Amino acid sequence: MKIILKKINRPIAFFDSGVGGLTVYAKLKKLLPDENLIYFGDTKHMPYGEKTKEELLEYADKIFEFFIKKDAKAVVMACNTTSSVIYDTIKNKYDLKIYPIIQSAAGIIAKLPAKKIGVFATHATVNSNVYKNEIHKHNSNMEVIQIACPEWVRIVEENRLNQPQSILQVEEKLNEMLKFKPEKIILGCTHYPYLIDILAKFAPKEMFIDPAAYFAQYIKDDLTKNHLTEIADGSEEIYVSANPEAFQQSAKMFYEINKLPQLVTFD
Ligand code: DGL
């Protein structure tokens, strides 16, 4: 008799340079509470938005190896920068489902009732033009204005949200964007939704779009379609490559992590 071993309880793995990807993680956890989840915050190499493609590929290689050892069934690129700079290069490299945030959410963003939209993102994401190109695949009439806000990532990671200097830095970039009169503004870096209360001091909250909501729904639908969802234990493993205490503290706004994240280094 042939025994077929069915693999069960394989986790869904997420990664980002830090706490940003938790904006996606928290949303998927709500949609699929029984799935086992792993999160890796590469805090040692933050900010990704200032790194070269070669550096990002090197980090991703190690992270994917780690996820494969953990027997992950899917990897969520909860990071706009890696989605825009390295997704195309690595999408067929691993025998895993890979979900990149921009490419997964662009179809829905392109249908928003707006002729002109702004995108706040990292230098790497803006320079890649992936937001513009992906949106135009679905709607060539939508005008896309992109502005890089690299300093915002550190404001979030270093938990400096309440400092007057941080508020000023956010306001300055927002004013620069508002001159173009966009109808909606995409928070095109997973760290930026942490700044929503500051942004909402200067413009209506409804103006800002966090792609994480669309992205999490897309992942759930796609996993379901591919028969990859399961009732597991709802277990969670959170890893970082540096500063677990700071990570736990900064994460609070989106995700309360009860246990200190585990420190993992690959070199
Ligand atoms: N949160 C990531 C993104 O969505 C990376 C930010 C960074 O480390 O520069 O782009």
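The values are calculated or read from the model by the stated rules, or taken from the named source; none is laboratory data. None of the values given here were measured: they were computed from a predicted structure. Cβ: placed from backbone, ideal geometry, glycine included. Neighbour counts: every protein chain shown. What goes into the accessible areas is simple: the full protein's heavy atoms, side chains included, and nothing from ligands, DNA or RNA. Shrake-Rupley method; radii C 1.70, N 1.55, O 1.52, S 1.80 Å.
Probing with 1.4 Å while keeping every protein chain in the model, the per residue accessible area of the chain equals 47 Å². Within the stretch 131-147, which residues have the backbone N less than 20 Å from the label spot 7 Å out from Lys115 along Cα→beta-carbon, could you tell me? In the stretch 131-147, the label zone of Lys115 (backbone N under 20 Å from the point 7 Å along Cα→Cβ) covers 132, 135-146. Inter-part distance, the stretch 207-250 to the stretch 88-116, computed on C-alpha centroids, equals 15 Å.
Taking the protein heavy atoms of the chain in the context of the full set of protein chains, the accessible area attributed to carbon and sulfur is 51 percent at 1.4 Å. For the chain, set up a Gaussian network in which alpha carbons nearer than 10 Å are linked by springs, and say which option among Asn36, Asn80, Asn133 fluctuates the most. It is Asn133. Between Lys137 and Leu161, full extension at 0.36 nm per residue minus the direct alpha carbon distance yields a gain of 5.1 nm.
Taking Lys and Arg as +1 and Asp and Glu as -1, the other residues whose beta-carbon sits under 10 Å from that of Tyr48 total -3. Spin-label model, Ser235 to Lys30: label points 7 Å out along the Cα-to-beta-carbon direction sit 2.6 nm apart.
Count Lys and Arg as plus one, Asp and Glu as minus one, and take only other residues whose Cβ is under 9 Å from that of Glu183; the net charge is then +4. Compared with the alpha-carbon gap, the fully stretched path from Ile196 to Arg10 is longer by 63.6 nm at 0.36 nm per residue. If the segment from Asn175 to Asn129 were pulled out straight at 0.36 nm per residue, it would be longer than the present Cα-Cα gap by 14.4 nm.
Taking 18 Å as the cut-off, the amide N atoms of the stretch 127-166 that come nearer than this to a point 7 Å along the Cα-to-beta-carbon line of Glu183 belong to 132, 135-146.
Dividing the helix sum by the residues of the chain, where each DSSP H run of 4 or more adds -39500 (n - 2.57), gives a mean residue ellipticity at 222 nm of -12000 deg cm²/dmol. Which part of the stretch 138-161 falls in the paramagnetic zone of Glu206, meaning amide N under 19 Å from the point 7 Å along Cα-to-beta-carbon? Of the residues in the stretch 138-161, none has backbone N under 19 Å from the label point off Glu206.
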